[in-house]
Structure formats: structure tokens, C-alpha cells
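A.B. asks: Take this structure, written in C-alpha cells, and hold onto it; I'll ask about it next.
The values are calculated or read from the model by the stated rules, or taken from the named source; none is laboratory data. Since the model is a prediction, treat every value here as computed from it, not as a measurement. Here Cβ is always computed from backbone atoms with ideal geometry, including for glycine, and neighbour counts include all displayed protein chains. Keep in mind that these areas ignore ligands, DNA and RNA; they rest on the heavy atoms of the full protein, side chains included. Shrake-Rupley method; radii C 1.70, N 1.55, O 1.52, S 1.80 Å.
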Amino acid sequence: MGLFKYLSGFGGRDMAVDLGTANTLVYVRGRGIVLSEPSVVAVDARTDEVHAVGMEAKRMLGRTPGTIRAIRPLKDGVIADFDVTEGMLRHFIQRVHQSRFAHPRVVVCVPSGVTGVEKRAVEEACLGAGARRAYLIEEPMAAAIGADLPVAEPTGSMIVDIGGGTSEVAVISLGGIVVSQSIRVGGDEMDEAIVNHCKIHHKLLIGQQTAEEVKLELGSAAPLAEELKTEIRGRDIVSGLPTTVMLSSEEIRVALDEPVAQIVAAVKDTLDRTPPELAGDIMDRGITLAGGGALLHGIDERLRGECQMPAQLADSPLTCVAIGSGRSLEEFEVIHRVNGRRSSVGLG
Ligand code: ADP
Ligand code: MG
């Protein structure tokens, strides 16, 4: 089959895309993850021409002159700006292309809560970006595969994927999602909570980027062994002038409490709806955390405390969705050949 793969002329270029609200990762069959960039596009406001994509465009967020707009085309886990999403996908796909003439098959990961219309939009963006065919895989399934959970076994595994715009909670058994919940709360909501905190408690205006930096430096969901402080710059609401303010990890934890509590509530609610046998399995193995938000300090501890069961981070929270989608790609022919029996693996 390996030989057939190369003879058929496209195997090496098939790819899997984790189209996230915060970051897009591309996995190329046989090569692994080849690209990981913020899902941001800078567009010329007059001509709609794309100026920059990814990291370069992210640096422009909140810093653009009137003629350039830095856009995050995915919001809350769905495509908010179809044309810009398509342009971004095309840019990323072409960047990893080995040949301009190849039209790869692309597996794309979408949040489990998206509607049929939104799924169609993702497919069309891929086809518009040069893919020969697009297949969708549900994000919790990809995350669970990437985290090495025994998804195909008759045992319950719980995955919690905390991304930029959404958090997804799912219980998987026998290759299918048994119960799941997707909430439109994730890392972005945490950044916004920090922006609001600074506005209310320090009369300080800061941008989303600064808020994210504060979150990475000071953010936590449970007390730290050593509480931290950092100085940040922003604009004083009263005087309108630039100023600096000292922030503590304790106050940021309080600011983050609302989004964190919503994520914890989603996990509890999903556990509530989990059939007892599977709940017992999860008790044994624990909850696995994926996505960038899983890196928030103490979120695992918080879940252990509130859900009364073990919880641990996946080996590589930021890449496990891309790796899981990629693994489904490596097994593509297998899945395809026995499609009737294995369609439950999650490719739809
Ligand atoms: P998506 O799948 O939606 O693109 P990711 O899984 O890539 O999202 O996660 C991105 C989110 O994770 C961002 O909101 C980012 O701020 C957050 N994040 C990344 N690292 C950390 C960290 N160390 N602590 C808290 N949040 C983090
Ligand atoms: Mg994600």
C-alpha cells in the first residue's frame, strides 16, 4: 500500500488542517506538522488585497492604520468572514504545497457544534483553496486521537479541548462521540475578562494582545505556589495618557473566574449526561485536557477539585488536534476501504 501511495501520485501531499479560531496548523502526510500560525489575515481596506497572513498579521492586530485591517476570520469556532477564511486557507495550503499542480485531499477539523451550513462553508473554503476533496473530522475526536486516548475501545474517554473561541467537552467510546457539549467560551473570553478588569479596577485601557500576554504571564485557575506581579502599559481612561499599572496574579485569577467557571460547568454538565458505565471508565482514567487554554495554570487542578476525578493535560495540548487529524489521514486508505464499517472513526 505504501508503494501504491506514491504511484498514485498524491499520497505525499494530502494534508490535515486544524482550522482553529486562534491558530491554524497544517499536517502533511508523511511529514507531520509543517505549519503553525495564528489565524489572522491583514487585508487592504480599499482593495481587499491580502497583505500578510499568520504571525506577521497577528502583530498588526490593534496596530493598523486606516488602510489595513487585521482580521481574525474565525470567531467563536465558526467562520465569520468566508472570503478571508478561504484566502487564509489558500495561503497556508499553497505554502506547504510541493507542487502548484497538486490538488491535495484535505481533512479539516471543525468544532463539533457547527451547523451544516458552517460545515459546508469550511468545505467550500478548502475546495476554493485548491483542494481536490475536503473531509471533515470533529474536533473532539481529532483531539482524542492526537492525545492517544483509546477511542476505538469499548471504554469511555473524556476530552476537554479549550481553544481560542470555543471549549469542547466530549465523551468518546467505540469510535463515536457519546455525549458532547461545545460552548463559545475559550481563551478569547479570558483575554476580554482581563481587558474589562483593567478598565473597571485600574481605569486602564489595554488591547487584546496585551491582555493575552498578561494571561500567559500571570493567568491561573488555582492558587500559585508563588503569586506573581507584572507591570503593564495602557492608556489611562481619565487623563487619556499612556501609563503603567502593576497587576497581580491574584487579581487576574479573580478576573478569569467567570470564563473558567463556565468551562468547569460544561465539564460537569457533560459528566451528568454520561451513561454510568462510561462515567466509571472516566473515573479511572481521568479527564484529558487539550487546546491552548489547557495551558492556563491550575485548570487541571481546578477540574480535579470540582469534578472529583483525575484530570491531566495531553502531551502536547496545542498540537494534538492537528496530530489526531493527521493520523486519520495516515489511515485514510484504510478508512476509505472499509468505509461502511469504520465511518464511525469520525470522518464525515
Ligand atoms: P484554537 O484551536 O481555537 O485555534 P488553540 O488550541 O490554538 O485555539 O489555543 C489558543 C488559545 O490558547 C489562545 O486563547 C491562547 O491565548 C491560549 N493559550 C496559549 N498558551 C496559553 C497559556 N500558557 N496559558 C493560558 N492560555 C494559553
Ligand atoms: Mg483547536
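A.B. asks: Take the stretch 149-202 and flag every residue that is open to solvent by less than 10 Å² (accessible area, probe 1.4 Å) and either part of a strand (DSSP E or B) or in contact with a His (Cβ under 8 Å, 6 or more places away or on another chain) (or both).
C.D. replies: S157, M158, I159, V160, D161, I162, S167, E168, V169, A170, V171, I172, listed by residue number.
A.B. asks: Which ones in the stretch 224-237 are outside any strand (DSSP E or B), more than 17 Å from V195 (Cβ to Cβ) and in contact (Cβ under 8 Å) with a residue 12 or more places away in the chain?
C.D. replies: Scanning the stretch 224-237 gives L224, E227, L228.
A.B. asks: Checking A52 against (1) open to solvent by 50 Å² or more (accessible area, probe 1.4 Å); (2) touching a strand residue (DSSP E or B) at 6+ places or on another chain (Cβ under 9 Å); (3) not in a helix (DSSP H, G or I), which single condition isn't satisfied?
C.D. replies: It is condition (1) that A52 fails.
A.B. asks: In the stretch 290-312, what count of residues is obtained for those that are among the aliphatic types (A, V, I, L, M), within 11 Å of ligand 1 (Cβ to nearest atom) and in contact with a helix residue (DSSP H, G or I) (Cβ under 6 Å, 6 or more places away or on another chain)?
C.D. replies: Qualifying residue count for the region: 1.
A.B. asks: If L127 satisfies all but one of (1) in contact (Cβ under 8 Å) with a residue 24 or more places away in the chain; (2) touching a Lys or Arg at 6+ places or on another chain (Cβ under 9 Å), what's the number of the condition it fails?
C.D. replies: Among (1) in contact (Cβ under 8 Å) with a residue 24 or more places away in the chain; (2) touching a Lys or Arg at 6+ places or on another chain (Cβ under 9 Å), the lone unmet condition for L127 is (1).
A.B. asks: Determine whether the stretch 317-330 contains at least one residue that is modelled with pLDDT of 95 or more, within 23 Å of Q209 (Cα to Cα) and part of a helix (DSSP H, G or I).
C.D. replies: no
A.B. asks: Going through the stretch 155-166 one residue at a time, which ones are near ligand 1 (Cβ under 9 Å from one of its atoms) and either modelled with pLDDT of 95 or more or in contact with a helix residue (DSSP H, G or I) (Cβ under 6 Å, 6 or more places away or on another chain) (or both)?
C.D. replies: Within the stretch 155-166, D161, I162, G163, G164, G165 qualify.
One line per residue, one yes/no per condition, for (1) touching a Leu at 6+ places or on another chain (Cβ under 7 Å); (2) touching a residue at least 24 places away in the same chain (Cβ under 8 Å):
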{"residue": "P242", "(1), (2)": "no, no"}
{"residue": "V245", "(1), (2)": "yes, yes"}
{"residue": "A255", "(1), (2)": "no, yes"}
{"residue": "A261", "(1), (2)": "no, no"}
{"residue": "V267", "(1), (2)": "yes, yes"}
{"residue": "E277", "(1), (2)": "no, yes"}
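A.B. asks: For M88, only one of the following conditions fails: (1) under 14 Å from V17 (Cα atoms); (2) assigned to a loop (DSSP other than H, G, I, E, B). What is its number?
C.D. replies: (2)
A.B. asks: Shifting gears a bit: Could you tell me which residue of the stretch 16-28 is farthest from ligand 1 (Cβ to nearest atom), considering only residues that are open to solvent by 10 Å² or more (accessible area, probe 1.4 Å) and either more than 23 Å from D76 (Cβ to Cβ) or in a loop (DSSP other than H, G, I, E, B) (or both)?
C.D. replies: Once the filter is applied, the top-ranked residue is Y27.
A.B. asks: In addition: In the set V41, V78, which member is touching a strand residue (DSSP E or B) at 6+ places or on another chain (Cβ under 8 Å), in contact (Cβ under 8 Å) with a residue 40 or more places away in the chain and open to solvent by less than 80 Å² (accessible area, probe 1.4 Å)?
C.D. replies: Sole residue among the options that is touching a strand residue (DSSP E or B) at 6+ places or on another chain (Cβ under 8 Å), in contact (Cβ under 8 Å) with a residue 40 or more places away in the chain and open to solvent by less than 80 Å² (accessible area, probe 1.4 Å): V41.
A.B. asks: Any residue in the stretch 114-137 that is among the hydroxyl-bearing types (S, T, Y) and within 13 Å of ligand 1 (Cβ to nearest atom)?
C.D. replies: Looking through the stretch 114-137, none of the residues is among the hydroxyl-bearing types (S, T, Y) and within 13 Å of ligand 1 (Cβ to nearest atom).
A.B. asks: I'd like to check something: does the stretch 269-292 contain any residue that is within 16 Å of ligand 2 (Cβ to nearest atom) and either surrounded by fewer than 22 Cβ atoms within 10 Å (Cβ to Cβ) or assigned to a helix (DSSP H, G or I) (or both)?
C.D. replies: Yes, the stretch 269-292 contains at least one residue that is within 16 Å of ligand 2 (Cβ to nearest atom) and either surrounded by fewer than 22 Cβ atoms within 10 Å (Cβ to Cβ) or assigned to a helix (DSSP H, G or I) (or both).
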